[in-house]
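A.B. asks: One structure coming up, written as structure tokens, with questions to follow.
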Amino acid sequence: MPQKNTSRLPGRHFLQIPGPTPLPDRIMRAIDMPLIDQRGPEFARLGKRVLEGIKTIFKTTQPVIIYTATGTGAWEAALVNTLSPGDRVLMVETGQFATLWKIMAERLGLKPEFIKTDWRVGADPKVIEEHLRKDKGHEIKAVCVLHNETATGCLSPIAAIRKSIDAAGHPALLLVDTISSLASTDYRHDEWGVDVTIGGAQKGLMLPPGMSFNAVSEKALRASKTAKLPRSFFQWDDMLTMYKQGFFPYTPATQMLFGLDTAIEMLHEEGLDNVFARHDRLAEATRRAVRAWDLEILCRDPQYYSPTITAVLLPDGYDADQFRDIALNTFNIAYGASFGPYAKKYFRIGHLGDINDAMLIGALGATEMALALAGVPHKKGGVQAAMDYIVSAQSGATRVAAE
Ligand SMILES: Cc1ncc(COP(=O)(O)O)c(C=O)c1O
């Protein structure tokens, strides 16, 4: 019998949205602590530890600013610290989040130039290079791209974009949003020559929402000395002065910092390369399930496949929001919504953060059942395809361990 007249969905909620991601019990316990004096010695030790620790996640030796703000705040911080009113900035319309960042740039008085895509690919380094070559007077002051477009599940090649800026001989700053890629897939702030990397707490870092980051290069710090956009709360200088003692210029989000400390510890215990391999495996297993269902992945070019999110298009005439409702009400699983030109046409499976193979198979099982229940035309066998892939991917590792 289907569930009726119930206000409770039993069992663990499957939070399969692309962030916030499931909160590990260990982080919940780390946060569940009495408050401490934010100007005392215990806080100074915590502050110094997390300010150093977070650098290892961004792969930088440069400062990382920690904001008590969601990712949107860190977007704003990156722009207002480096740019001046009327500056031209080059952005790429990879999807909804790139569009929101562009709207923010306009509101701040910048002049974004928006390279169009069909929302089914990442940013193309060649197109960026061509655009920059045309800017002979070097009026474009920054190139702003999303490493991972959360709305579509497309990853952009940041190292190649750096090379394209250099190949064009262009001095623009490179600002990169890693909100849905950091701590889930390889990212190298220093080695890839990124000037400001924007990060968020609630995805790969496995924390609640409400904290975000700017990793800043020397070039970005120099730009901040002459940048004229108004800023106060987001001012890097104030932060950097206080960081020397492990303190913040305002009351810090102490509980979030306890959580961050533990998140960094957990990521290194697993090993960053293992974290990245796990995300790659979960993503490939998900894509194999989608193909076996005979459904279409929104990202249409495999070179841009996201290791953290897979957006699944439903056949014409099927409403993805209704499908999500059925899945939530019946199987207690939440997926990400769809946006823009594809609103109601796809749902997004988040496979990032503290999730493992068995959790993913549970989520894909719920998805396959929900497809059947919602009457969405599909083939069976998606979960089997995902399991077969995971077994083959894990078998090498298991055999080595057994010898
Ligand atoms: C890629 C990306 N950028 C920016 C944001 C905005 O972050 P927040 O919602 O934490 O303000 C998000 C949110 O999901 C995102 O996925």
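The values are calculated or read from the model by the stated rules, or taken from the named source; none is laboratory data. For clarity, every value in this text was computed on a predicted model and none was experimentally measured. Note that we place each Cβ from the backbone using ideal geometry, even for glycine, and neighbour counts take in every protein chain shown. The protein model used for the area step is the full one, side chains on, heavy atoms only, and it has no ligands, DNA or RNA in it. Shrake-Rupley method; radii C 1.70, N 1.55, O 1.52, S 1.80 Å.
A.B. asks: Which members of region 91-101 meet the condition of being more than 10 Å from the ligand (Cβ to nearest atom) and farther than 17 Å from Ile161 by Cβ?
C.D. replies: Start the filter on region 91-101 by keeping residues that are more than 10 Å from the ligand (Cβ to nearest atom), which leaves 91-93, 99.
Correct list: Thr99 only.
A.B. asks: If Leu110 meets every condition in (1) surrounded by fewer than 20 Cβ atoms within 10 Å (Cβ to Cβ); (2) more than 21 Å from Ala201 (Cα to Cα) apart from one, which number is that one?
C.D. replies: Exception for Leu110: condition (1).
A.B. asks: Follow-up question, since we're still on this one. So, Ser184, is that one in contact with a strand residue (DSSP E or B) (Cβ under 7 Å, 6 or more places away or on another chain) and touching a residue at least 40 places away in the same chain (Cβ under 8 Å) or not? Reasoning before the result, please.
C.D. replies: On the way: in contact with a strand residue (DSSP E or B) (Cβ under 7 Å, 6 or more places away or on another chain): no; touching a residue at least 40 places away in the same chain (Cβ under 8 Å): yes.
So Ser184 fails the test.
A.B. asks: Kindly indicate whether Ala358 is at pLDDT 95 or above, open to solvent by less than 60 Å² (accessible area, probe 1.4 Å) and out of contact with any Pro (no Cβ under 9 Å at 6 or more places or on another chain). I'd like the intermediate steps shown before the answer.
C.D. replies: Working: at pLDDT 95 or above: yes; open to solvent by less than 60 Å² (accessible area, probe 1.4 Å): no; out of contact with any Pro (no Cβ under 9 Å at 6 or more places or on another chain): yes.
So Ala358 fails the test.
A.B. asks: Select from region 226-247 the residues that are surrounded by fewer than 18 Cβ atoms within 10 Å (Cβ to Cβ), within 30 Å of Leu46 (Cβ to Cβ), modelled with pLDDT of 95 or more and not small (Gly, Ala, Ser) and list them in ascending order.
C.D. replies: Residues satisfying the conditions are Phe233, Gln235, Asp237, Leu240, Thr241, Met242, Lys244, Gln245.
A.B. asks: Looking at region 178-188 only, could you name the residues that are within 16 Å of the ligand (Cβ to nearest atom) and either closer than 16 Å to Leu267 by Cα or out of contact with any Ser or Thr (no Cβ under 8 Å at 6 or more places or on another chain) (or both)? Outline the logic, then answer.
C.D. replies: Pass one, region 178-188, residues within 16 Å of the ligand (Cβ to nearest atom): 178-185, 187.
Across region 178-188, the qualifying residues are Ser180, Ser181, Leu182, Ala183, Ser184, Thr185, Tyr187.
A.B. asks: Would you be able to say whether some residue in region 193-200 is among the acidic types (Asp, Glu) and within 20 Å of Thr72 (Cα to Cα)?
C.D. replies: Yes, region 193-200 contains a residue that is among the acidic types (Asp, Glu) and within 20 Å of Thr72 (Cα to Cα).
A.B. asks: Within region 189-207, can you find the residues that are more than 11 Å from the ligand (Cβ to nearest atom) and either farther than 20 Å from Glu270 by Cβ or over 19 Å from the mean Cα position of the chain (by Cα) (or both)?
C.D. replies: His189, Asp190, Glu191, Trp192, Gly193, Val194, Asp195, Val196, Thr197
A.B. asks: For region 164-216, give me the residue count where each residue is part of a helix (DSSP H, G or I) and open to solvent by 10 Å² or more (accessible area, probe 1.4 Å). So that I can check it myself, show each step before the final result.
C.D. replies: From region 164-216, those part of a helix (DSSP H, G or I) are 164-167; that's our starting set.
Next, only the ones that are open to solvent by 10 Å² or more (accessible area, probe 1.4 Å) stay: 166-167.
The qualifying residues number 2.
A.B. asks: Can you pull out the residues in region 129-173 that are on the phi > 0 side of the Ramachandran plot and within 16 Å of the ligand (Cβ to nearest atom)? Give the steps one after another, and end with the answer.
C.D. replies: To start, the set of residues in region 129-173 that are on the phi > 0 side of the Ramachandran plot comprises 138, 153, 169.
Listed by number, the list holds a single entry, Gly153.
A.B. asks: Consider Ala220 carefully, then state whether it is touching a residue at least 12 places away in the same chain (Cβ under 8 Å), buried (at least 24 other Cβ atoms within 10 Å of the Cβ) and part of a helix (DSSP H, G or I). Can you show your working first?
C.D. replies: Details: touching a residue at least 12 places away in the same chain (Cβ under 8 Å): yes; buried (at least 24 other Cβ atoms within 10 Å of the Cβ): yes; part of a helix (DSSP H, G or I): yes.
So Ala220 passes the test.
A.B. asks: Another one. Scan region 257-266 and give yes if some residue there is over 24 Å from Gly73 (Cα atoms) and under 19 Å from the mean Cα position of the chain (by Cα), otherwise no.
C.D. replies: Checked region 257-266: at least one residue is over 24 Å from Gly73 (Cα atoms) and under 19 Å from the mean Cα position of the chain (by Cα).
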